[in-house]
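Below: one structure, written as structure tokens.
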Amino acid sequence: MTERKDLRYLRHVVKKIVIAAGLRHELSFTSFRHGGFTEGADSDLTDAELRAAGRHRSRQQLPTYAKRTRKQLIAAAKKRREERNRTALSSDSALASHDALVPGN
């Protein structure tokens, strides 16, 4: 943030860097910001870690920046399946322990 609490100056600097580096002219401060958030989400950063990296206070801001990608959807599905399996295994263990303690089962 600049002293004036806005990003106009930074946007101007980023545009000069893009041109000097010979990058595509449509790139902007915003595109780098969105890309960084999406890359962070693809790297399995937590919402809290993403907010800290982007200096966001609110969880509601994240979907604006971090696009949902196929990689994220697959990782989420795997985590849900692992959690279901872990819960099922611990339930089976609890039942087995209970059966061992209760006579006549």
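Calculate the FRET efficiency for H12 and A76 from the Cβ-Cβ distance with a Förster distance of 30 Å, rounded to the nearest 0.05.
Efficiency for this residue pair is about 0.20.
DSSP loop (so not H, G, I, E, B), at most 14 other Cβ within 10 Å: list which GluC sites (Glu not before Pro) in the range 19-86 pass both filters.
On the way: sites: E26, E39, E49, E82, E83; in loops: E26.
Answer by residue number: E26.
Which percent of the accessible heavy-atom area of the range 18-92 goes to carbon and sulfur, probe 1.4 angstrom?
54 percent
The values are calculated or read from the model by the stated rules, or taken from the named source; none is laboratory data. Predicted, not measured: the structure shown is a model, and the values here were computed from it. Heads up, the Cβs are rebuilt from the backbone with ideal geometry, glycines too, and the neighbour counts pull from every protein chain shown. The area values use the complete protein model at the heavy-atom level, side chains included, leaving out ligands, DNA and RNA. Shrake-Rupley method; radii C 1.70, N 1.55, O 1.52, S 1.80 Å.
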